[in-house]
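The structure under discussion appears below in the form of structure tokens.
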Amino acid sequence: MKISFSPPYIDSDVIESVLESLNSGWITTGPKVKALEELMAEYVGTKYALCVNSWTSGALLACNWFDLKKGDEVIIPAYTYAATALAVLHAGAKPIMIDVGEDFMMNPDLLHSKIHAKTKIIMPVDFGGGLADYYSINKVAESTADQFVQDGVRQEKLNRIMVLADAAHSIGAKQGDVYSGKLCDLSVFSYHAVKNVTTAEGGAITLNLPASFDEAEEYKWLKLMSLNGQTKDAFTKAQAGGWKYDIVMKGLKINMPDIAAAIGLVQLRKYESLHKERKRVFDAYIEQLNIYDWAILPEIKKDTRPSYHLFPLRIRNITEEKRDKIISILAEKGISVNVHFNPLPNLTYFKKLGYDISDYPVAQKLYRSEISLPIYPQLKNVEVEYLVSELLKAYQKVI
């Protein structure tokens, strides 16, 4: 039985929506992107959402929006995908890595030791569909306002460190009744092909700014910046008499096309039902694996609803080499699993920048024992049963 790791959810409604874009004669940024922005904002409970062509573009845009400059610092967890750090580097700033807790996410207790005059942003990462500890992280940002050195209009308006969520995994997750996207100042989501909602490639920024900001104006600035600083998008320019435009800033070219938004619109409209199916798979794994003392299962934090993006299984008292052997045995059976993530300090580029994995012992411990099991709406219960049975055989063979 062959089991893929994370195939996209493509049904007849998605195909029809894409064909509608193709047949309309308009495939770049236009009405479907606008519709997806409005739907995303409505879903998470914010006034505005901006669609872009990737998570990385969205994070870079958010960093530029907050006037990041050379020498500024952004605190990130060491346990994340490379894009978290690369967006900071492309913005000209320096990523300051801290270790994580047993939940794979930024340890708020370590923040104070890393904050000083150069710190401009804290960027928590919502791992696997769970939520970072925003209550504690926001509290740290507020309590260190006296250390914050303003250098830019938006930094003056906020007057403290900005909390910028890497929400790539957490669309649909909630803390109480508050959705991911409204738990800190700005949140950046991913619509990459393997994410819970996809546009093939893409991302979105949601705004949850204090009253000192005019969010309508900030959305307008972000939109301009995402379109080369051009005062009219291509759809507006294409209308009769709409050719004339201006360039008002050194912008980027990171807009989302309508043909991509066509996929995301259908998926987001169906997301609650798709979310239930992801939970079904998650619960099936829990039921079948909780009888084994070697299986360390993901826990759901009190008063939260995860997005169930990943099922990060950890294997107790295993070496990295034996973990990798289990993965190889499963692959021979046609079962695709993954590892999330190899901590950044293990990667060649970040080693060359001077990051040392010995400074992040929890991240390294989690990585060496983690296997991400497939979790997606199309995965059938019988496939989950087969996967678990083969996982048990592989464990017994290796251990």
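The values are calculated or read from the model by the stated rules, or taken from the named source; none is laboratory data. Note that the coordinates shown come from a computational prediction; the quantities given were computed from them, not determined experimentally. In this analysis, Cβ positions are derived from the backbone assuming ideal geometry, glycine residues included, and neighbour counts consider all displayed protein chains. Note: accessible area is taken over every heavy atom of the protein model, side chains too, but ligands, DNA and RNA are not part of it. Shrake-Rupley method; radii C 1.70, N 1.55, O 1.52, S 1.80 Å.
Ignoring ligands, DNA and RNA, what percent of the 1.4 Å accessible area of region 333-399 is carbon and sulfur? Write down the numbers at each step before the final one.
Values: 1530 of 3090 Å².
With neighbouring chains kept in place, the figure for region 333-399 is 50 percent.
For region 99-167, with equal point scatterers placed on the C-alpha atoms only and solvent neglected, what are the log10 I(q)/I(0) values from the Debye formula at q = 0.22 1/Å, to two decimals?
-0.91
So, for region 264-399, what is the accessible surface per residue at a probe of 1.4 Å, expressed in square angstrom?
Working: 6600 Å² over 136 residues.
Counting only protein heavy atoms, the per-residue value for region 264-399 is 49 Å².
When a/c reaches 1.5 or more, the comparison of a/b and b/c decides; with that in mind, is region 130-235 rounded, prolate or oblate per its Cα gyration tensor?
Values: a/c = 2.31, a/b = 1.11, b/c = 2.08.
Because a/c hits 1.5 or more and a/b fails to exceed b/c, region 130-235 counts as oblate.
Could you calculate the contour length gain from R316 to V153, that is, 0.36 nm times the residue separation minus the distance between their Cα atoms, to one decimal place in nm? Don't skip to the answer; put the middle values down first.
On the way: separation 163, 0.36 × 163 = 58.68 nm, distance 4.97 nm.
Contour length minus Cα-Cα distance gives 53.7 nm.
Bin width 20 Å, alpha-carbon pairs only: give the P(r) of the chain as whole percents, running from 0 to the bin holding the largest distance.
Values per bin, smallest distances first: 27, 56, 16, 0.
In whole angstrom, and with the biggest value first, how far do the Cα coordinates of region 1-132 range along each principal axis?
55, 45, 27
Mind pulling the per residue volume of the convex hull built on the Cα atoms of region 289-396? Å³ is fine.
Values: hull volume 15.8 nm³, N = 108.
Roughly 146 Å³ of hull volume per residue.
At a 1.4 Å probe, what is the % contribution of carbon and sulfur to the accessible area of region 172-290? The partial results should precede the final answer.
Working: 2740 of 5070 Å².
Here it works out to 54 percent.
Can you give the calculated 222 nm mean residue ellipticity of the chain, where each DSSP H run of n ≥ 4 adds -39,500 (n - 2.57) and the sum is split over every residue, rounded to the nearest 500 deg cm²/dmol?
Numbers: 14 runs with 156 residues, N = 399.
Theoretical 222 nm ellipticity from helices: -12000 deg cm²/dmol.
Given contacts defined as C-alpha pairs under 8 Å and at least six residues apart, what's the relative contact order of the chain, whole-number percent? Provide the component values of the computation, followed by the final result.
Working: 803 pairs, mean separation 90.2, N = 399.
The value is 23 percent.
Report the rotationally averaged projected area of region 295-340 based on its alpha-carbon convex hull, in square nanometres. Kindly include the intermediate steps, with their values, before the conclusion.
On the way: hull surface 16.1 nm².
Over every viewing direction, the Cα hull of region 295-340 projects on average to 4.0 nm².
For region 1-120, with all protein chains present and a 1.4 Å probe, just round the carbon and sulfur fraction of the accessible area to a whole percent. If you can, show how the numbers build up before the last one.
On the way: 2810 of 5010 Å².
So the carbon and sulfur contribution to the accessible surface is 56 percent.
Running Debye on region 68-142 with equal point scatterers at the Cα sites and no solvent, what base-10 log of I(q)/I(0) appears at q = 0.21, 0.23 Å⁻¹?
Once normalised to I(0) and log-transformed, intensities are -0.90, -1.06.
Multiply the residue separation of L297 and E38 by 0.36 nm, subtract the distance between their alpha-carbon atoms, and state the gained length in nm to one decimal.
Details: separation 259, 0.36 × 259 = 93.24 nm, distance 3.65 nm.
Here the segment from L297 to E38 would lengthen by 89.6 nm.
Determine the per residue accessible area of region 1-155 with all protein chains present and a 1.4 angstrom probe, expressed in square angstrom. Mind dumping the intermediate values first?
Details: 6340 Å² over 155 residues.
I get 41 Å² per residue for region 1-155.
With a ≥ b ≥ c the root eigenvalues of the C-alpha gyration tensor of region 1-78, is it rounded (a/c under 1.5), prolate (a/b larger than b/c) or oblate?
Values: a/c = 2.36, a/b = 1.48, b/c = 1.60.
Oblate, because a/c is 1.5 or more while a/b does not exceed b/c.
Let me know the charge dipole size of the chain about its Cα centre in debye, to the nearest 20, where only the beta-carbon of Lys, Arg (+1) and Asp, Glu (-1) is charged. Kindly include the intermediate steps, with their values, before the conclusion.
Details: 46 positive and 48 negative charges, 125 e Å.
About 600 debye.
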